[in-house]
Amino acid sequence: MPPCPGRGQSGPAQVRPGVGPESGRCAAPPRTCPLGLPPRESESVGPAEVKDRGAGPARSWEREPGTPGAMDGLGRRLRASLRLKRGHGGPPQDNSGEALKEPERAQEHSLPNFAGGQHFFEYLLVVSLKKKRSEDDYEPIITYQFPKRENLLRGQQEEEERLLKAIPLFCFPDGNEWASLTEYPRETFSFVLTNVDGSRKIGYCRRLLPAGPGPRLPKVYCIISCIGCFGLFSKILDEVEKRHQISMAVIYPFMQGLREAAFPAPGKTVTLKSFIPDSGTEFISLTRPLDSHLEHVDFSSLLHCLSFEQILQIFASAVLERKIIFLAEGLSTLSQCIHAAAALLYPFSWAHTYIPVVPESLLATVCCPTPFMVGVQMRFQQEVMDSPMEEVLLVNLCEGTFLMSVGDEKDILPPKLQDDILYSLGQGINELKTAEQINEHVSGPFVQFFVKIVGHYASYIKREANGQGHFQERSFCKALTSKTNRRFVKKFVKTQLFSLFIQEAEKSKNPPAGYFQQKILEYEEQKKQKKPREKTVK
């Protein structure tokens with residue numbers, strides 16, 4: 001489905017008043033686990049633990065004495081879909097009192113850079129709608145799985161069962177009310193499932209109407225992989241779809257060949273040989289982009305739906321780890337835009353709740369008291385707006401407007417750096433032809449923003465004899481000569497975005513490397529060349 005039409009200007013957004021006793025409105029309990037799920041004793045709920053840098057007490061939810069475990073049914077589904085807890089064998093336990101140990105976290109925007117050589121995928125699944133016995137509603141179920149895994153240990157089997165139980169919910173996030181159709185535009189989207197150990201699995205989905213006469217229900221092809229490369233998997237889904245129109249039996253040899261092939265290194269190509277009845281042998285080339293830090297994202301939909309100024313305000317809200325909700329009709333638009341928004345944070349990683357398309361049964365996620373970035377289908381707009389929420393940026397992608405905002409989004413970033421970003425985005429935008437050119441053009445100014453604001457971080461990590469580093473936060477902030485830049489950085493260093501980034505830098509015993517470091521070195525060289533010219537002018 002194409003992105004939402006229109007690139008509306010940002011109209012007057014509704015500035016949401018404070019939600020709480022003083023506002024006279026019902027607020028979500030501030031000390032309760034999201035969706036009313038009580039955490040276990042001493043179990044922290046929320047983002048991954050980071051070292052204290054003077055930012056105050058760590059965020060967590062605690063159970064109030066006597067607080068009931070409300071919404072148990074929803075809680076069980078949330079645990080099944082978002083918390084893929086590893087099995088440890090032993091007798092089965094009742095997990096009805098368990099909380100989310102770690103919310104859905106992003107990957108796609110900050111997935112590891114895979115050097116190549118590993119498997120393309122773990123599963124190919126077909127998820128279909130099956131009518132419930134005693135109701136008119138439908139439920140999504142897995143009707144095809146490749147490969148079928150056997151001889152698993154008990155813990156591995158339990159983990160696989162949890163994974164396979166969660167996936168159908170995200171393949172059909174629209175709810176259970178469906179009717180047979182004769183026409184249905186195909187949609188390509190993705191979701192992320194995060195394990196308690198931080199490992200991520202990505203679901204690449206193609207939803208379409210299967211070939212055949214008369215009205216029928218849509219189904220979803222879903223490839224589960226730990227690799228983030230959306231353009232590549234979209235092409236694989238094209239091949240799967242083409243073969244399914246012939247026979248499911250034709251899919252098996254293609255996917256078997258793909259599973260045996262090694263994932264290519266950046267810029268490299270893998271070629272698969274596949275036989276199709278009546279067509280003969282085909283050679284399919286799958287090429288991985290040379291610049292791997294943007295291989296998981298496509299900025300085209302975000303540019304189509306929003307203006308540069310609006311994108312900048314979304315970026316500013318994300319940098320301060322606020323709550324952001326995207327609304328759109330199509331799953332493809334939601335998925336692409338939320339991945340693009342998160343990708344703007346490179347080289348930093350969104351470490352909070354991240355759900356590209358929220359299933360209907362999990363809409364209460366928008367009431368969580370901690371930061372999140374989620375996508376919601378437009379049909380649920382009123383339900384979202386009626387929910388008790390504080391400090392939310394609610395983005396209507398179909399109209400290109402902000403329905404709710406905090407009100408200070410234009411003032412978060414230093415004015416000079418904001419102007420630099422907007423100027424760079426506007427230069428030569430109409431001359432860009434390919435998706436790779438668009439991605440680099442959009443991402444570049446935001447990467448440059450971080451280069452200017454925190455690119456000197458490595459100089460302020462002091463190392464001990466054993467190589468362990470210690471970040472000198474105060475000296476780091478003082479090194480900025482601009483007062484407005486310094487004021488912003490003092491806030492930014494308290495975020496988990498920055499804390500997780502610096503923790504990795506402190507632990508690393510190797511010199512900084514990669515795309516971000518390359519841009520830092522280029523910027524420093526430009527400054528060196530600029531100084532002699534300034535002296536000559538004087």
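The values are calculated or read from the model by the stated rules, or taken from the named source; none is laboratory data. Keep in mind the model is a prediction, meaning the values are calculated, not measured. A quick note on method: Cβ atoms are made from the backbone with ideal geometry, for glycine too, and the neighbour counts reach across all protein chains shown. For accessibility, only protein heavy atoms count, side chains too; no ligands or nucleic acids. Shrake-Rupley method; radii C 1.70, N 1.55, O 1.52, S 1.80 Å.
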Filter region 485-500 for residues that are small (Gly, Ala, Ser) and open to solvent by 10 Å² or more (accessible area, probe 1.4 Å) and give the result. none
Within region 442-481, the count of residues that are polar (S, T, N, Q), exposed (fewer than 12 other Cβ atoms within 10 Å of the Cβ) and touching a strand residue (DSSP E or B) at 6+ places or on another chain (Cβ under 8 Å) comes to 0
Could we say that Lys462 is at negative phi, without any contact (Cβ under 8 Å) to a residue 12 or more places away in the chain and either touching a Gly at 6+ places or on another chain (Cβ under 8 Å) or in a strand (DSSP E or B) (or both) here? yes
Strands (runs of 3 or more DSSP E) within region 120-197 that include 1 or more residues open to solvent by 50 Å² or more (accessible area, probe 1.4 Å) and either of a type in the set (S, T, N, Q) or modelled with pLDDT of 85 or more (or both): 123-131, 138-146
Ile246 - would you say it is open to solvent by less than 10 Å² (accessible area, probe 1.4 Å) and β-branched (Val, Ile, Thr)? no
What strands (runs of 3 or more DSSP E) lie completely within region 212-295 and have 2 or more residues being out of contact with any Cys (no Cβ under 8 Å at 6 or more places or on another chain) and farther than 30 Å from Val442 by Cβ? 269-276, 280-287
When region 257-277 is checked residue by residue, the ones that are touching a residue at least 12 places away in the same chain (Cβ under 8 Å) and not hydrophobic (A, V, I, L, M, F, W, C) are Gly257, Arg259, Pro264, Pro266, Gly267, Lys268, Thr269, Thr271, Lys273, Ser274, Pro277
Among Leu403, Leu413, which is modelled with pLDDT of 95 or more and out of contact with any strand residue (DSSP E or B) (no Cβ under 8 Å at 6 or more places or on another chain)? Leu413
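This table checks each residue for (1) within 27 Å of the chain's Cα centre (by Cα); (2) closer than 28 Å to Ser285 by Cα.
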{"site": "Val127", "(1), (2)": "yes, yes"}
{"site": "Ser134", "(1), (2)": "no, no"}
{"site": "Pro140", "(1), (2)": "yes, no"}
{"site": "Leu153", "(1), (2)": "no, no"}
{"site": "Glu158", "(1), (2)": "yes, no"}
{"site": "Leu164", "(1), (2)": "yes, no"}
{"site": "Ser199", "(1), (2)": "yes, no"}
{"site": "Gly203", "(1), (2)": "yes, yes"}
{"site": "Phe233", "(1), (2)": "yes, yes"}
Kindly establish whether Glu390 is within 23 Å of the chain's Cα centre (by Cα), modelled with pLDDT under 95 and farther than 30 Å from Gly231 by Cα. yes
Run down Thr370, Thr401 and say which single residue is of a type outside the set (A, V, I, L, M), closer than 21 Å to Ser332 by Cα and open to solvent by 10 Å² or more (accessible area, probe 1.4 Å). Thr401
Of the residues Phe254, Phe308, which single one is out of contact with any strand residue (DSSP E or B) (no Cβ under 7 Å at 6 or more places or on another chain) and surrounded by 16 or more Cβ atoms within 10 Å (Cβ to Cβ)? Phe308
